[in-house]
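Just below is one structure, and these are the notes that go with it.
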Amino acid sequence: MGKFTVIPQDTFTALQLDAGVLLKTFNPATAAAPSDEDIICATTGGIEVSCVPTYSDFGEDVDNCPNNMMELKHLDGWDCTMSTTSLGTSPELIKLALGAADISGATYALTSDVSIKAGKTYYTRSGTSPNYVYTPVASPVLADIATYYEETSPDYKITPRRDLSQSDFSTIWWVGDRADGGMVAVKLMNALSTGGFTLQTSKNGKGQISIEIMGHVSLNAQSVVPMEFYSADPVTNP
Amino acid sequence: MDSLQALHSFWSGFGLKAYDENTVPDNAMSANNGKYLTYTAGLANFDEPVVLSASLWYKAEKDWSAITAKMYEINNYIGLGGKVVPFDGGALWIKRGVPFAQRMADEDDTIRRIYINIEVEYFTNT
(Lines give C-alpha, C1' and ligand atoms only; values in the text may rest on other atoms or scores of the structure.)
Protein backbone atom coordinates (compact mmCIF):
# COMPACT_ATOMS: atom_id res chain seq x y z
CA MET A 1 0.00 0.00 0.00
CA GLY A 2 1.31 3.49 -0.78
CA LYS A 3 2.63 5.37 2.23
CA PHE A 4 0.18 8.18 1.65
CA THR A 5 -2.84 5.90 1.34
CA VAL A 6 -3.83 6.28 4.98
CA ILE A 7 -6.51 7.89 7.06
CA PRO A 8 -6.13 9.38 10.55
CA GLN A 9 -6.40 7.03 13.50
CA ASP A 10 -9.08 9.19 15.08
CA THR A 11 -11.28 9.11 11.95
CA PHE A 12 -13.50 6.43 13.41
CA THR A 13 -14.09 7.92 16.82
CA ALA A 14 -15.39 11.21 15.44
CA LEU A 15 -17.43 9.79 12.55
CA GLN A 16 -20.95 11.19 12.59
CA LEU A 17 -23.50 8.42 12.14
CA ASP A 18 -27.11 8.56 10.98
CA ALA A 19 -29.27 11.55 10.24
CA GLY A 20 -29.67 12.87 13.76
CA VAL A 21 -32.73 14.71 14.93
CA LEU A 22 -34.15 18.25 15.06
CA LEU A 23 -35.02 19.34 18.58
CA LYS A 24 -36.77 22.30 20.21
CA THR A 25 -34.38 22.18 23.13
CA PHE A 26 -31.13 20.43 24.07
CA ASN A 27 -28.52 20.70 26.80
CA PRO A 28 -25.05 19.88 25.42
CA ALA A 29 -23.62 19.83 28.94
CA THR A 30 -25.57 16.70 29.81
CA ALA A 31 -26.36 15.37 26.30
CA ALA A 32 -29.40 13.62 27.68
CA ALA A 33 -31.58 11.63 25.28
CA PRO A 34 -34.39 13.85 23.98
CA SER A 35 -37.94 13.48 25.19
CA ASP A 36 -40.55 12.73 22.58
CA GLU A 37 -42.18 16.15 22.82
CA ASP A 38 -38.86 17.88 22.13
CA ILE A 39 -38.48 16.24 18.72
CA ILE A 40 -39.67 18.65 16.04
CA CYS A 41 -40.51 16.14 13.31
CA ALA A 42 -39.56 12.95 11.52
CA THR A 43 -37.35 13.65 8.51
CA THR A 44 -36.31 11.92 5.33
CA GLY A 45 -33.11 12.28 3.38
CA GLY A 46 -31.16 13.61 6.32
CA ILE A 47 -30.68 17.15 7.55
CA GLU A 48 -28.38 19.76 6.01
CA VAL A 49 -26.66 22.21 8.34
CA SER A 50 -24.81 25.09 6.79
CA CYS A 51 -22.81 28.01 8.16
CA VAL A 52 -21.26 29.92 5.24
CA PRO A 53 -19.34 33.19 5.53
CA THR A 54 -19.57 36.01 3.05
CA TYR A 55 -16.46 38.06 2.37
CA SER A 56 -15.62 41.28 0.61
CA ASP A 57 -12.30 41.92 -1.03
CA PHE A 58 -11.47 45.55 -0.26
CA GLY A 59 -8.53 45.35 -2.62
CA GLU A 60 -10.70 44.37 -5.57
CA ASP A 61 -10.90 47.88 -6.98
CA VAL A 62 -7.45 48.99 -5.87
CA ASP A 63 -5.01 49.46 -8.70
CA ASN A 64 -2.06 47.07 -8.67
CA CYS A 65 -3.54 45.13 -5.77
CA PRO A 66 -3.64 41.37 -6.25
CA ASN A 67 -6.98 39.66 -5.65
CA ASN A 68 -7.60 38.04 -2.29
CA MET A 69 -5.03 39.99 -0.36
CA MET A 70 -5.22 38.69 3.19
CA GLU A 71 -4.97 42.08 4.91
CA LEU A 72 -7.77 43.53 2.79
CA LYS A 73 -10.23 40.68 3.23
CA HIS A 74 -13.33 41.61 5.22
CA LEU A 75 -15.80 39.20 6.81
CA ASP A 76 -19.26 40.60 6.08
CA GLY A 77 -21.30 38.01 7.91
CA TRP A 78 -22.51 34.45 8.10
CA ASP A 79 -25.44 32.67 6.51
CA CYS A 80 -26.56 30.00 8.98
CA THR A 81 -29.24 27.58 7.83
CA MET A 82 -30.73 24.17 8.43
CA SER A 83 -32.80 22.40 5.82
CA THR A 84 -34.56 19.08 5.63
CA THR A 85 -37.64 17.31 4.34
CA SER A 86 -40.22 16.63 6.99
CA LEU A 87 -42.67 13.75 7.05
CA GLY A 88 -44.91 15.42 9.63
CA THR A 89 -47.97 17.58 9.06
CA SER A 90 -48.81 18.62 12.61
CA PRO A 91 -50.07 22.20 13.10
CA GLU A 92 -46.79 23.09 14.82
CA LEU A 93 -44.76 21.74 11.92
CA ILE A 94 -46.83 23.59 9.31
CA LYS A 95 -46.49 26.80 11.35
CA LEU A 96 -42.71 26.25 11.54
CA ALA A 97 -42.51 25.84 7.76
CA LEU A 98 -44.63 28.94 7.12
CA GLY A 99 -42.67 31.12 9.52
CA ALA A 100 -45.06 34.02 10.07
CA ALA A 101 -48.24 32.17 10.96
CA ASP A 102 -50.65 31.53 13.80
CA ILE A 103 -52.18 28.33 15.07
CA SER A 104 -55.78 28.41 16.24
CA GLY A 105 -58.94 26.42 16.40
CA ALA A 106 -58.51 24.80 19.78
CA THR A 107 -61.50 24.72 22.06
CA TYR A 108 -61.38 25.05 25.81
CA ALA A 109 -63.66 24.46 28.76
CA LEU A 110 -63.45 25.13 32.46
CA THR A 111 -61.76 22.16 34.04
CA SER A 112 -63.80 19.78 36.13
CA ASP A 113 -60.72 18.63 38.00
CA VAL A 114 -60.82 19.01 41.77
CA SER A 115 -57.10 18.52 42.15
CA ILE A 116 -54.12 19.47 40.04
CA LYS A 117 -53.20 16.55 37.79
CA ALA A 118 -49.49 16.13 37.24
CA GLY A 119 -48.40 16.57 33.64
CA LYS A 120 -51.65 18.22 32.57
CA THR A 121 -51.63 21.69 31.02
CA TYR A 122 -54.12 24.16 32.45
CA TYR A 123 -54.91 27.53 30.92
CA THR A 124 -56.13 30.89 32.12
CA ARG A 125 -58.46 32.91 29.94
CA SER A 126 -58.19 36.58 29.11
CA GLY A 127 -59.64 38.94 26.53
CA THR A 128 -63.25 39.10 25.38
CA SER A 129 -65.45 36.89 23.29
CA PRO A 130 -64.95 35.80 20.57
CA ASN A 131 -61.24 36.58 20.83
CA TYR A 132 -60.39 34.94 24.13
CA VAL A 133 -56.73 34.25 24.75
CA TYR A 134 -55.82 31.08 26.59
CA THR A 135 -52.45 31.11 28.26
CA PRO A 136 -50.79 27.98 29.70
CA VAL A 137 -50.26 28.10 33.45
CA ALA A 138 -46.61 27.45 34.23
CA SER A 139 -47.20 26.30 37.83
CA PRO A 140 -50.86 25.54 38.53
CA VAL A 141 -52.06 25.91 42.13
CA LEU A 142 -55.07 24.23 43.68
CA ALA A 143 -56.45 27.50 45.05
CA ASP A 144 -56.98 28.80 41.51
CA ILE A 145 -58.26 25.61 39.91
CA ALA A 146 -61.77 26.98 39.58
CA THR A 147 -60.44 29.54 37.10
CA TYR A 148 -58.46 27.09 35.01
CA TYR A 149 -59.45 25.88 31.59
CA GLU A 150 -58.37 22.75 29.79
CA GLU A 151 -58.09 22.07 26.08
CA THR A 152 -60.99 20.00 24.82
CA SER A 153 -59.84 19.84 21.23
CA PRO A 154 -56.43 20.83 19.85
CA ASP A 155 -55.49 23.56 17.41
CA TYR A 156 -56.06 22.59 13.82
CA LYS A 157 -56.02 25.82 11.82
CA ILE A 158 -52.78 27.45 10.66
CA THR A 159 -53.06 30.92 9.17
CA PRO A 160 -50.15 32.71 7.46
CA ARG A 161 -49.70 36.23 8.77
CA ARG A 162 -49.00 39.38 6.83
CA ASP A 163 -46.58 40.71 9.47
CA LEU A 164 -43.65 39.09 11.17
CA SER A 165 -43.71 38.71 14.92
CA GLN A 166 -40.69 38.31 17.18
CA SER A 167 -42.37 35.20 18.56
CA ASP A 168 -42.04 33.58 15.14
CA PHE A 169 -38.32 33.19 15.84
CA SER A 170 -37.12 30.25 17.93
CA THR A 171 -34.07 28.19 18.77
CA ILE A 172 -33.63 24.90 16.91
CA TRP A 173 -31.09 22.19 17.58
CA TRP A 174 -29.76 19.47 15.35
CA VAL A 175 -28.16 16.63 17.37
CA GLY A 176 -26.51 13.52 15.97
CA ASP A 177 -24.54 10.51 17.18
CA ARG A 178 -20.79 9.97 16.91
CA ALA A 179 -19.31 6.53 16.31
CA ASP A 180 -17.62 6.59 19.74
CA GLY A 181 -20.95 7.11 21.48
CA GLY A 182 -20.52 10.85 21.78
CA MET A 183 -22.62 13.54 20.17
CA VAL A 184 -22.44 16.33 17.63
CA ALA A 185 -24.88 19.21 18.03
CA VAL A 186 -25.63 22.47 16.24
CA LYS A 187 -27.69 25.26 17.76
CA LEU A 188 -29.45 27.64 15.40
CA MET A 189 -30.56 30.81 17.15
CA ASN A 190 -33.38 33.16 16.23
CA ALA A 191 -34.43 30.65 13.60
CA LEU A 192 -37.15 31.45 11.10
CA SER A 193 -38.30 29.48 8.10
CA THR A 194 -37.37 31.42 4.98
CA GLY A 195 -38.25 28.73 2.45
CA GLY A 196 -41.97 28.77 3.10
CA PHE A 197 -44.28 25.78 2.94
CA THR A 198 -44.02 23.27 0.09
CA LEU A 199 -45.89 19.96 0.32
CA GLN A 200 -45.10 17.26 -2.21
CA THR A 201 -47.39 14.23 -2.29
CA SER A 202 -47.13 11.08 -4.37
CA LYS A 203 -49.21 8.03 -5.24
CA ASN A 204 -48.71 5.32 -2.62
CA GLY A 205 -46.18 7.59 -0.93
CA LYS A 206 -45.82 9.85 2.09
CA GLY A 207 -46.37 13.58 1.87
CA GLN A 208 -43.16 15.55 2.33
CA ILE A 209 -42.72 19.14 3.41
CA SER A 210 -39.49 20.94 2.50
CA ILE A 211 -38.19 23.17 5.26
CA GLU A 212 -35.39 25.71 5.16
CA ILE A 213 -34.66 27.61 8.35
CA MET A 214 -32.28 30.53 8.72
CA GLY A 215 -30.69 31.88 11.88
CA HIS A 216 -30.70 35.61 12.58
CA VAL A 217 -28.55 38.06 14.47
CA SER A 218 -30.28 39.94 17.25
CA LEU A 219 -30.23 43.70 17.75
CA ASN A 220 -29.37 42.96 21.36
CA ALA A 221 -26.30 40.89 20.48
CA GLN A 222 -25.04 42.14 17.15
CA SER A 223 -21.67 40.38 17.29
CA VAL A 224 -23.15 36.96 18.05
CA VAL A 225 -23.29 34.64 15.03
CA PRO A 226 -26.58 32.71 15.24
CA MET A 227 -25.05 29.25 15.14
CA GLU A 228 -23.03 27.27 17.68
CA PHE A 229 -21.37 23.88 17.31
CA TYR A 230 -20.71 21.13 19.83
CA SER A 231 -18.80 17.86 19.44
CA ALA A 232 -18.08 15.68 22.45
CA ASP A 233 -16.98 12.14 23.21
CA PRO A 234 -18.91 10.02 25.71
CA VAL A 235 -16.35 10.77 28.44
CA THR A 236 -16.98 14.50 28.19
CA ASN A 237 -20.73 13.97 27.88
CA PRO A 238 -21.65 10.49 29.22
CA MET B 1 -9.80 -8.58 19.42
CA ASP B 2 -9.88 -8.33 15.61
CA SER B 3 -12.86 -7.50 13.42
CA LEU B 4 -14.02 -11.10 12.95
CA GLN B 5 -13.74 -11.75 16.66
CA ALA B 6 -15.81 -8.64 17.24
CA LEU B 7 -18.47 -10.01 14.88
CA HIS B 8 -18.47 -13.30 16.80
CA SER B 9 -18.71 -11.39 20.07
CA PHE B 10 -21.73 -9.48 18.75
CA TRP B 11 -23.61 -12.62 17.73
CA SER B 12 -22.70 -14.33 21.00
CA GLY B 13 -24.42 -11.63 23.00
CA PHE B 14 -27.98 -12.90 22.66
CA GLY B 15 -27.91 -15.88 25.00
CA LEU B 16 -27.34 -18.41 22.22
CA LYS B 17 -24.31 -20.37 21.14
CA ALA B 18 -23.08 -18.66 17.97
CA TYR B 19 -21.26 -20.59 15.23
CA ASP B 20 -19.54 -19.38 12.10
CA GLU B 21 -21.78 -21.10 9.55
CA ASN B 22 -18.79 -23.03 8.24
CA THR B 23 -18.00 -24.57 11.64
CA VAL B 24 -21.32 -25.92 12.90
CA PRO B 25 -20.97 -29.31 14.65
CA ASP B 26 -23.39 -32.11 13.78
CA ASN B 27 -24.75 -32.16 17.32
CA ALA B 28 -25.28 -28.38 17.56
CA MET B 29 -29.02 -28.68 18.27
CA SER B 30 -28.72 -31.32 20.97
CA ALA B 31 -25.64 -29.79 22.55
CA ASN B 32 -27.33 -26.38 22.94
CA ASN B 33 -30.76 -27.24 24.38
CA GLY B 34 -32.49 -27.09 21.02
CA LYS B 35 -31.43 -23.64 19.86
CA TYR B 36 -28.39 -21.91 18.44
CA LEU B 37 -27.32 -19.22 15.98
CA THR B 38 -25.14 -19.34 12.89
CA TYR B 39 -23.66 -16.34 11.10
CA THR B 40 -21.63 -15.50 8.01
CA ALA B 41 -18.23 -13.96 8.59
CA GLY B 42 -17.06 -11.53 5.96
CA LEU B 43 -14.59 -8.70 5.71
CA ALA B 44 -14.63 -5.45 3.76
CA ASN B 45 -12.75 -2.17 3.52
CA PHE B 46 -13.60 1.10 5.19
CA ASP B 47 -16.45 2.94 3.48
CA GLU B 48 -17.63 -0.26 1.74
CA PRO B 49 -20.64 -1.66 3.60
CA VAL B 50 -21.13 -5.40 3.27
CA VAL B 51 -24.32 -7.43 3.69
CA LEU B 52 -23.93 -10.36 6.08
CA SER B 53 -26.45 -12.76 7.51
CA ALA B 54 -27.26 -14.95 10.47
CA SER B 55 -29.80 -17.66 11.19
CA LEU B 56 -31.65 -18.58 14.32
CA TRP B 57 -32.24 -22.33 14.66
CA TYR B 58 -34.85 -23.59 17.14
CA LYS B 59 -36.19 -27.06 17.76
CA ALA B 60 -39.92 -26.48 18.07
CA GLU B 61 -43.02 -28.42 17.13
CA LYS B 62 -45.05 -26.02 14.93
CA ASP B 63 -44.33 -23.12 17.29
CA TRP B 64 -42.72 -19.89 16.13
CA SER B 65 -43.21 -17.86 19.30
CA ALA B 66 -39.84 -18.41 21.01
CA ILE B 67 -37.70 -17.95 17.91
CA THR B 68 -39.72 -14.88 16.90
CA ALA B 69 -39.20 -13.34 20.33
CA LYS B 70 -35.44 -13.84 19.96
CA MET B 71 -35.57 -12.23 16.51
CA TYR B 72 -37.30 -9.16 17.98
CA GLU B 73 -34.70 -9.03 20.75
CA ILE B 74 -31.92 -8.82 18.16
CA ASN B 75 -33.94 -6.35 16.08
CA ASN B 76 -34.48 -4.04 19.05
CA TYR B 77 -30.86 -4.32 20.20
CA ILE B 78 -29.54 -3.20 16.82
CA GLY B 79 -32.17 -0.45 16.77
CA LEU B 80 -32.80 2.22 14.17
CA GLY B 81 -29.30 3.65 14.24
CA GLY B 82 -27.40 0.37 14.41
CA LYS B 83 -24.77 -0.72 16.89
CA VAL B 84 -21.08 0.19 16.95
CA VAL B 85 -18.91 -2.71 18.16
CA PRO B 86 -15.28 -1.68 18.85
CA PHE B 87 -12.25 -3.89 18.26
CA ASP B 88 -8.50 -3.30 18.29
CA GLY B 89 -7.83 -0.64 15.70
CA GLY B 90 -11.39 0.12 14.71
CA ALA B 91 -15.04 -0.73 15.05
CA LEU B 92 -17.96 -2.45 13.30
CA TRP B 93 -21.10 -0.48 12.56
CA ILE B 94 -23.86 -3.08 12.41
CA LYS B 95 -27.20 -2.02 10.98
CA ARG B 96 -30.42 -3.84 10.14
CA GLY B 97 -30.57 -5.22 6.61
CA VAL B 98 -33.58 -5.16 4.31
CA PRO B 99 -35.53 -7.28 4.94
CA PHE B 100 -34.19 -7.66 8.45
CA ALA B 101 -35.66 -11.10 9.07
CA GLN B 102 -37.66 -13.77 7.32
CA ARG B 103 -38.89 -17.22 8.25
CA MET B 104 -37.38 -20.13 6.36
CA ALA B 105 -38.67 -23.65 5.75
CA ASP B 106 -36.55 -26.62 6.78
CA GLU B 107 -36.64 -30.21 5.58
CA ASP B 108 -37.16 -31.21 9.20
CA ASP B 109 -40.58 -29.87 10.16
CA THR B 110 -39.57 -29.74 13.83
CA ILE B 111 -36.91 -27.13 13.12
CA ARG B 112 -37.79 -23.45 13.04
CA ARG B 113 -35.37 -21.08 11.30
CA ILE B 114 -35.32 -17.31 10.93
CA TYR B 115 -32.87 -15.76 8.50
CA ILE B 116 -31.49 -12.36 9.51
CA ASN B 117 -29.83 -9.77 7.25
CA ILE B 118 -27.46 -7.13 8.58
CA GLU B 119 -25.31 -4.51 6.93
CA VAL B 120 -21.83 -4.08 8.38
CA GLU B 121 -19.43 -1.26 7.82
CA TYR B 122 -15.85 -1.76 8.96
CA PHE B 123 -14.23 1.28 10.52
CA THR B 124 -10.62 0.22 10.19
CA ASN B 125 -7.42 1.48 8.67
CA THR B 126 -6.32 -1.98 7.48
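The values are calculated or read from the model by the stated rules, or taken from the named source; none is laboratory data. Just so it is clear, the structure is predicted and the values come from calculations on it, not from any experiment. No Cβ is skipped: glycine too gets one built from the backbone with ideal geometry, and neighbour counts run over all protein chains shown. Surface areas here come from the heavy atoms of the whole protein model, side chains and all, with no ligands, DNA or RNA. Shrake-Rupley method; radii C 1.70, N 1.55, O 1.52, S 1.80 Å.
Structural remarks
- Criterion violated by A:Pro91 - all others in (1) more than 14 Å from chain B (Cβ to nearest Cβ); (2) farther than 30 Å from A:Lys206 by Cβ satisfied: (2)
- Conditions (1) closer than 16 Å to B:Ala54 by Cα; (2) open to solvent by less than 40 Å² (accessible area, probe 1.4 Å); (3) among the aromatic types (Phe, Trp, Tyr): number failed by B:Tyr122: (1)
- Candidates B:Glu48, B:Glu61: the one that is touching a Ser or Thr at 6+ places or on another chain (Cβ under 9 Å), part of a loop (DSSP other than H, G, I, E, B) and either at pLDDT below 90 or not basic (Lys, Arg) (or both) is B:Glu61.
- Complete set of residues in segment B:1-11 that are surrounded by 15 or more Cβ atoms within 10 Å (Cβ to Cβ) and either free of Cβ contacts under 8 Å to residues at least 24 places away in the same chain or not in a helix (DSSP H, G or I) (or both): none
- Taking segment A:1-38 as the range and being within 13 Å of chain B (Cβ to nearest Cβ) and either assigned to a strand (DSSP E or B) or within 18 Å of the chain's Cα centre (by Cα) (or both) as the test, the residues that pass are A:Gln16, A:Leu17, A:Asp18, A:Ala19, A:Gly20, A:Val21, A:Ala33.
- Selection from segment B:97-126 of residues that are polar (S, T, N, Q) and over 14 Å from the mean Cα position of the chain (by Cα): B:Thr110, B:Thr124, B:Asn125, B:Thr126
- The C-beta contact set for segment A:63-83 (first residue over 30 Å from A:Val186 (Cα atoms), second residue of a type outside the set (Asp, Glu), distance under 6 angstrom, 6+ apart or interchain) comprises A:Cys65/A:Gly59; A:Met69/A:Gly59; A:Leu72/A:Phe58; A:Leu72/A:Gly59.
- Breaking point among (1) part of a strand (DSSP E or B); (2) open to solvent by 50 Å² or more (accessible area, probe 1.4 Å); (3) under 15 Å from B:Trp11 (Cβ atoms), for B:Tyr77: (1)
Table: residues versus (1) aromatic (Phe, Trp, Tyr); (2) exposed (fewer than 14 other Cβ atoms within 10 Å of the Cβ); (3) touching a residue at least 24 places away in the same chain (Cβ under 8 Å).
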site: B:Met29; (1), (2), (3): no, no, yes
site: B:Asn32; (1), (2), (3): no, no, no
site: B:Lys35; (1), (2), (3): no, no, yes
site: B:Ala54; (1), (2), (3): no, no, yes
site: B:Lys59; (1), (2), (3): no, no, yes
site: B:Ile67; (1), (2), (3): no, no, yes
site: B:Tyr72; (1), (2), (3): yes, yes, no
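- Residue within segment B:80-93 that is loosely packed, with under 13 Cβ neighbours inside 10 Å and farther than 30 Å from A:Asp10 by Cβ present: no
- A single member of A:Gly59, A:Gly77 is over 21 Å from A:Tyr230 (Cα atoms), more than 18 Å from the chain's Cα centre (by Cα) and open to solvent by less than 30 Å² (accessible area, probe 1.4 Å), and it is A:Gly59.
- Any hit, segment A:191-200, residues being out of contact with any Ser or Thr (no Cβ under 9 Å at 6 or more places or on another chain) and not aliphatic (A, V, I, L, M): yes
- Selected residue (criterion: nearest to A:Gly176 (Cα to Cα)) from residues of segment B:94-103 that are open to solvent by less than 40 Å² (accessible area, probe 1.4 Å) and away from chain A (no Cβ under 14 Å): B:Gly97
- For segment A:190-232, a residue qualifies if it is hydroxyl-bearing (Ser, Thr, Tyr) and either in contact with a Phe, Trp or Tyr (Cβ under 6 Å, 6 or more places away or on another chain) or open to solvent by 50 Å² or more (accessible area, probe 1.4 Å) (or both), and the qualifying residues are A:Thr194, A:Thr198, A:Thr201, A:Ser202, A:Ser210, A:Ser223, A:Tyr230, A:Ser231.
- For beta carbons closer than 9 Å, sequence separation of 6+ or different chains, a first residue in segment A:168-195 that is within 14 Å of chain B (Cβ to nearest Cβ) and assigned to a strand (DSSP E or B) and a second that is surrounded by 19 or more Cβ atoms within 10 Å (Cβ to Cβ) and charged (D, E, K, R), the qualifying pairs are A:Met183/A:Asp177; A:Val184/A:Asp177; A:Val184/A:Arg178.
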